[in-house]
Amino acid sequence: MVKFVASSKNLLKGLSSVFKHLFRNAVTEEYPEVKPELNENFRGKHTLNNNCTACGLCKKVCPANAISIKKDGNNKLVSYKIDYGKCIFCGNCVYYCPNKSIQHTTEFELAITAEQKDDLISELKQEEKNGRN
Ligand code: SF4
Ligand code: SF4
């Protein structure tokens, strides 16, 4: 009998907790159907603008060794790649770039179309202007 009373009390306690929360607004988001609102300083995928002089400073300060830069004989940028399988989104490349050429965006769904690790290597195309300049 004592056991029955105790378990009924616990059941009522549980049910009251369920009903208390039943009509409140959800605190979670229905991701991926509903995209989260991200802060403008969010460190997502990068963009590169055409001020890049291929100086290589971003590559030097990258703790994850995620950046690879190819230059031609005239030191002009040929290709700029970031391996998002390695990048830890620390922001060093953005912070130290002397020309504000590399910037973060709010794009973060990087793995959705990747089937292999190498698919996370992204070649950045130089744009006239990028996001946060
Ligand atoms: S992005 Fe900036 S730091 Fe990196 S190579 Fe270009 S100019 Fe240099
Ligand atoms: S955000 Fe950090 S880890 Fe990612 S490429 Fe830039 S310096 Fe490297």
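Computed from the coordinates by the stated procedures, all read-outs in this text should not be read as laboratory data. Just so you know, these numbers come straight off a predicted model, no measurement behind them. Here Cβ is always computed from backbone atoms with ideal geometry, including for glycine, and neighbour counts include all displayed protein chains.
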**Asked** Tell me, what is the percent relative contact order of the chain, built from C-alpha pairs under 8 Å that lie six or more residues apart?
**Response** 29
**Prompt:** Regarding the stretch 78-133, what is the average projected area of its C-alpha convex hull, in nm²?
**Reply:** 4.5
**Prompt:** Are there cysteines in the chain with no second cysteine's Cβ under 4.7 Å away, and if so, which?
**Reply:** Cys52, Cys55, Cys62, Cys87, Cys90, Cys97
**Message:** As I understand it, the dipole of the chain uses +1 on the Cβ of Lys and Arg and -1 on the Cβ of Asp and Glu, about the Cα centre. Which of Ile102, Gly14, Gly56 lies farthest toward its positive end?
**Reply:** Gly14
**Asked** Could you list, bin by bin from short to long, the percent of Cα-Cα pairs of the stretch 10-56 in 10 Å steps?
**Response** 17, 22, 21, 17, 10, 8, 5
**Request:** Mind ranking 17-30, 105-118 by how tightly packed they are, going by the mean number of other C-beta atoms within 10 angstrom, highest first?
**Result:** 105-118, 17-30
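Between Thr113 and Glu30, 0.36 nm times their residue separation minus their Cα-Cα distance comes to what? Don't skip to the answer; put the middle values down first.
Working: separation 83, 0.36 × 83 = 29.88 nm, distance 2.01 nm.
Between Thr113 and Glu30, full extension yields an extra 27.9 nm.
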**Request:** Quick one: give the max-minus-min coordinate of the C-alpha atoms of the chain along each principal axis, largest first, in Å.
**Result:** 89, 28, 25
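For the peptides 37-47, 77-87, what is the packing order when you average, over each peptide's residues, the other Cβ atoms within 10 Å and list the highest mean first? Present the calculation step by step, with values, prior to reporting the outcome.
Details: 37-47: 14.1, 77-87: 17.3.
Highest-to-lowest ranking by the protection proxy: 77-87, 37-47.
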